[in-house]
Amino acid sequence: MEWVQSLLVFLAALTAVAYLFSKWKPKSKNKKGDSCGPDCGCH
């Protein structure tokens, strides 16, 4: 029964890390895209 608890804790930690990574990744991409103005010729 202990292994079930360990597995659930591992899955919860993995889900939390994946959530934080998904929240962090688009912000860095948007930050890069926002620095480009509408007339920069990159569209």
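The values are calculated or read from the model by the stated rules, or taken from the named source; none is laboratory data. Computed from a predicted structure; not experimentally measured. Quick note on the areas: whole protein, heavy atoms, side chains included, nothing else; ligands and nucleic acids left out. Shrake-Rupley method; radii C 1.70, N 1.55, O 1.52, S 1.80 Å.
Kindly check whether there is at least one residue in region 1-23 that is of a type in the set (D, E, K, R), modelled with pLDDT of 95 or more, over 14 Å from the mean Cα position of the chain (by Cα) and open to solvent by 90 Å² or more (accessible area, probe 1.4 Å). Yes, region 1-23 contains a residue that is of a type in the set (D, E, K, R), modelled with pLDDT of 95 or more, over 14 Å from the mean Cα position of the chain (by Cα) and open to solvent by 90 Å² or more (accessible area, probe 1.4 Å).
Looking only at residues of region 24-43 that are assigned to a helix (DSSP H, G or I) and of a type in the set (Gly, Ala, Ser), we find that the one that is modelled with the highest pLDDT is Gly33.
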